[in-house]
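Heads up, the thing below is written out as structure tokens.
The values are calculated or read from the model by the stated rules, or taken from the named source; none is laboratory data. No experiment lies behind these values; they were computed from the predicted model shown. Heads up, the Cβs are rebuilt from the backbone with ideal geometry, glycines too, and the neighbour counts pull from every protein chain shown.
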């Protein structure tokens with residue numbers, strides 16, 4: 001088990017600044033999620049950590065050692081790719097055993113460890129199959145088993161759930177978190193799915209254009225976003241933004257309700273012209289406009305909203321966040 | 001730095017792995033390539049090891065030489081006619097082979113034989129096929145009454161001297177080239193046709209495009225790169241070929257009815273001993289080859305961008 | 001309905017014409033090699049069938065009174081040696097170009113492929129000089145030395161495209177799992193590339209079997225000749241062609257090469273055109 005630190009890390013590909021100055025400390029045993037849209041640099045950052053790319057500037061420190069000059073195999077890391085990268089010509093057993101075979105462990109040791117890892121992930125019955133003969137979810141578990149079998153210091157995961165069916169994805173996510181807590185390996189996890197990030201991360205680092213916009217626990221990221229990018233990226237549907245008095249006001253759709261439902265706290269009232277209301281079963285999304293600005297509200301399906309009509313909606317003052325119009329940064333009142 | 005870690009450095013490793021191939025190519029292709037140019041402006045012969053630069057004299061001599069002129073013309077005629085015929089026939093054959101039918105593997109084997117059989121060996125078959133006395137083709141024509149009788153369509157003599165009469169000999173060389181190249185061109189085109197995504201064709205059908213409109217607006221444009229590859233390779237193999245001519249006619253019938261640049265170069269240098277003249281003849285390949293190289297580069301650039 | 005019948009007969013009709021055109025010369029070779037000389041050299045006899053019972057006399061001549069077997073063995077020897085050299089040179093180079101060399105890898109790969117366009121009919125003159133300077137005149141080793149000039153460029157290109165088709169992530173995974181770059185190549189890439197490598201081996205062999213001009217230029221000694229040269233120069237005594245043996249010899253040597261080539265054809269073509277077709 002080890003800590004990981006990125007110090008002033010930069011990676012330039014010609015004139016593309018994939019990673020543009022990143023400082024992160026991952027604590028021993030922590031599950032850190034790198035969250036961001038494609039092109040934000042999160043995968044590049046992970047690959048730098050793995051040693052698959054060389055940094056242009058900066059340091060990568062694993063377990064208090066600077067590893068910049070070490071090849072991947074000497075960094076004590078394990079990685080799970082989005083495609084799982086299982087060796088197609090080897091059985092599941094041989095796949096999981098591969099790192100141990102390379103290390104030249106003795107056959108009995110190998111068998112013990114493979115059985116431990118496969119047992120942990122519930123794939124003990126698949127050991128003789130080939131990757132082409134197992135399902136996507138099973139492939140993912142094999143990849144994880146292979147990663148864990150030599151008890152790495154750091155576990156890196158690059159969007160390992162995105163190739164799974166939506167149904168399987170949820171349960172896989174829950175299991176993964178449970179699992180990581182049990183084993184306690186320091187984990188760095190890349191995703192573009194903000195729900196996944198919120199559900200899995202001990203902390204989340206939101207990245208955009210090669211920089212970390214904010215790093216913190218999920219609640220912080222969600223309720224106290226550092227700038228408009230973080231505020232707009234995290235949360236589905238996204239935060240509403242309205243120009244008001246020279247600044248940008250932001251409030252979440254679930255905080256934006258019909259005025260009559262709100263108690264008399266400090267409220268900000270708005271008149272919304274409803275374009276369309278979508279009844280999605282367990283909740284209702286209302287799409288409308290306040291003046292020129294388009295907004296979305298997220299309310300209980302029981303409330304009746306008619307298309308084309310005007311309604312009085314309100315937000316609690318303490319649910320509103322303010323952002324600087326030019327820089328997008330959060331203004332604390 | 002440890003040797004192991006040195007090998008991890010990508011550039012070092014890449015360089016080392018490439019070194020043998022690059023060295024070999026420089027030594028046995030690059031160097032001789034330059035030598036050809038040097039030879040062509042020199043007076044080197046097999047017997048006399050002395051080397052003297054004589055400027056453009058070889059080229060001037062060649063350009064005034066009838067044999068050379070004929071070889072040059074022949075080379076262009078053979079290439080253009082062969083490639084033209086092959087392109088048309090290959091389109092037809094590729095269309096046919098798109099369909100599924102029983103025994104396809106056998107049909108493919110038979111159709112590929114002219115290309116997959118080594119060039120000299122296949123051409124040997126044609127020696128017999130076109131023999132001046134025993135040609136099976138002549139026999140067929142005689143049996144059909146087109147030959148060997150007074151008033152017959154192709155004449156009263158019992159044989160068409162396929163390899164003995166200049167015009168027929170040229171046609172024979174072209175025939176063998178077409179025969180050989182057709183399978184290659186067909187499979188390349190076929191591969192291209194099969195790579196057109198079905199959805200695009202189906203979308204066009206749904207949009208109401210008929211066969212010919214689809215052919216001109218979708219199939220042919222998408223097949224352009226593959227067709228270009230086919231043309232390039234066909235031209236290359238025909239233009240620089242010496243084997244078919246040499247085995248079939250050795251450049252004859254006399255004096256030089258089917259001589260081509262490659263066979264002339266061989267004649268002058270290895271048989272005649274005049275390395276310099278032979279090299280000069282071969283240099284005339286260069287413009288066409290450079291043109292092909294440029295086209296290949298263009299194609300390759302296009303595909304990298306796509 | 002009529003249209004369907006017509007189109008189907010039309011289809012098979014045209015197809016048969018093509019098959020006939022391609023295969024007839026070989027059919028004739030097959031018949032000729034077993035035809036009695038008397039049958040063979042009677043111009044009025046049907047050359048497409050056996051008018052007299054078949055004979056093995058030509059085959060006996062071919063195998064006992066000519067150096068045919070020597071020619072075959074020579075070609076086999078050169079083939080195997082050249083294939084070995086080609087693989088040794090081309091595999092590392094192709095791997096380097098496909099994976100490591102990055103952007104200039106693409107350019108260098110194309111450059112190497114372009115050297116294939118420098119034809120033997122241009123290079124044979126200086127090369128014959130080099131060969132005699134090295135004392136390899138008249139020896140099969142001259143061919144072993146020079147043949148890779150046309151097998152290596154093409155095969156490097158083919159191998160490059162085969163290596164590229166293996167996902168980069170599998171290699172990276174192997175490096176994370178503990179292999180060095182070369183280790184990843186040996187343990188993972190190479191086993192997965194075996195179909196591609198076999199294809200290249202077959203293709204290189206067919207290139208060797210096809211070669212004519214270098215063999216003709218470098219070798220005069222009949223015992224050192226390869227199959228193409230040997231058949232065309234040695235089975236003619238004066239003005240007399242030993243047709244039966246000639247046809248038999250040509251056909252027998254063609255068929256194995258043709259079979260191998262046909263089996264691997266699809267892979268070869270896909271490796272060849274992968275750079276020019278959209279994927």
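General observations
- Picking from residues in region C:61-76 that are in contact with a helix residue (DSSP H, G or I) (Cβ under 9 Å, 6 or more places away or on another chain) and surrounded by fewer than 15 Cβ atoms within 10 Å (Cβ to Cβ), the one that is farthest from residue B:125 (Cα to Cα) is C:65.
- Residue A:139 over 24 Å from residue A:75 (Cβ atoms) and buried (at least 16 other Cβ atoms within 10 Å of the Cβ): yes
- Search result, residues across region B:50-65 that are free of Cβ contacts under 8 Å to residues at least 24 places away in the same chain and either surrounded by 11 or more Cβ atoms within 10 Å (Cβ to Cβ) or assigned to a helix (DSSP H, G or I) (or both): B:51, B:56, B:57, B:60, B:63, B:64, B:65
- In a residue-by-residue description of region B:106-127, the property of being within 18 Å of residue C:44 (Cα to Cα), surrounded by 22 or more Cβ atoms within 10 Å (Cβ to Cβ) and more than 8 Å from chain C (Cβ to nearest Cβ) applies to no position.
- Only one entry of C:198, C:202, C:257, C:208 meets the criterion of being surrounded by 23 or more Cβ atoms within 10 Å (Cβ to Cβ) and touching a residue at least 12 places away in the same chain (Cβ under 8 Å), and that entry is C:208.
- Residue under evaluation residue C:46, criteria (1) modelled with pLDDT of 85 or more; (2) surrounded by fewer than 16 Cβ atoms within 10 Å (Cβ to Cβ); (3) under 22 Å from residue C:251 (Cβ atoms), criterion not met: (1)
- Yes/no for residue C:119 being in contact with a helix residue (DSSP H, G or I) (Cβ under 6 Å, 6 or more places away or on another chain), over 30 Å from residue B:139 (Cα atoms) and within 12 Å of chain B (Cβ to nearest Cβ): no
- Residue A:304 being farther than 21 Å from residue A:236 by Cα, free of Cβ contacts under 8 Å to residues at least 24 places away in the same chain and surrounded by fewer than 13 Cβ atoms within 10 Å (Cβ to Cβ): yes
- When every residue of region B:234-252 is checked against the conditions, at least one turns out to be modelled with pLDDT of 85 or more, more than 9 Å from chain C (Cβ to nearest Cβ) and closer than 30 Å to residue B:200 by Cα.
- Test: residue C:25 is surrounded by 14 or more Cβ atoms within 10 Å (Cβ to Cβ), modelled with pLDDT of 90 or more and at the interface with another protein chain (Cβ under 8 Å from one of its Cβ atoms): yes
- Residue-level check: of (1) under 29 Å from residue A:3 (Cβ atoms); (2) within 12 Å of chain C (Cβ to nearest Cβ); (3) buried (at least 18 other Cβ atoms within 10 Å of the Cβ), residue A:74 misses just (3).
- Residue C:89 closer than 30 Å to residue C:162 by Cα and more than 9 Å from chain B (Cβ to nearest Cβ): no
- Selected residue [surrounded by 22 or more Cβ atoms within 10 Å (Cβ to Cβ) and over 17 Å from residue C:216 (Cβ atoms)] from B:265, B:290, B:280: B:280
- For residue C:45: the one exception among (1) closer than 26 Å to residue C:258 by Cβ; (2) without any contact (Cβ under 8 Å) to a residue 24 or more places away in the chain; (3) facing chain B (nearest Cβ under 10 Å): (1)
- Of all residues in region C:223-248, those satisfying the criterion of being more than 8 Å from every other protein chain (Cβ to nearest Cβ) and modelled with pLDDT of 85 or more are C:223, C:224, C:225, C:226, C:230, C:244, C:245, C:248.
- Every pair of residues 6+ apart whose Cβ atoms lie under 8 Å, when the first sits in region B:94-107 and is without any contact (Cβ under 8 Å) to a residue 24 or more places away in the chain while the second is part of a loop (DSSP other than H, G, I, E, B): B:107/B:101
- Selection count where residues are under 11 Å from the mean Cα position of the chain (by Cα) and over 16 Å from residue C:116 (Cβ atoms), scope region B:213-237: 2
- Residue in region C:166-185 that is more than 11 Å from every other protein chain (Cβ to nearest Cβ) and either out of contact with any helix residue (DSSP H, G or I) (no Cβ under 9 Å at 6 or more places or on another chain) or surrounded by fewer than 24 Cβ atoms within 10 Å (Cβ to Cβ) (or both) present: no
- Among residues that are more than 8 Å from chain C (Cβ to nearest Cβ) and closer than 21 Å to residue A:159 by Cα, residue A:80 is included.
- Reported count of residues in region C:174-199, each being in contact with a strand residue (DSSP E or B) (Cβ under 6 Å, 6 or more places away or on another chain) and more than 26 Å from residue A:50 (Cα to Cα), is 0.
- Index of the failed condition, residue C:42 passing every other in (1) touching a helix residue (DSSP H, G or I) at 6+ places or on another chain (Cβ under 9 Å); (2) outside any helix (DSSP H, G or I): (1)
- Residue check for residue C:218: under 24 Å from the mean Cα position of the chain (by Cα), crowded, with 21+ Cβ neighbours inside 10 Å and within 11 Å of chain B (Cβ to nearest Cβ): yes
- Within region C:126-143, the residues that satisfy the criterion of being within 12 Å of chain B (Cβ to nearest Cβ) and surrounded by 18 or more Cβ atoms within 10 Å (Cβ to Cβ) are C:126, C:127, C:128, C:129, C:130, C:131, C:142.
- Counted as qualifying within region A:96-190 are the helices (runs of 4 or more DSSP H) with 1 or more residues that are within 12 Å of chain C (Cβ to nearest Cβ), namely A:136-148.
- Checking each residue in region B:77-105 for being surrounded by fewer than 15 Cβ atoms within 10 Å (Cβ to Cβ), away from every other protein chain (no Cβ under 12 Å) and in contact with a helix residue (DSSP H, G or I) (Cβ under 9 Å, 6 or more places away or on another chain) picks out B:77, B:80.
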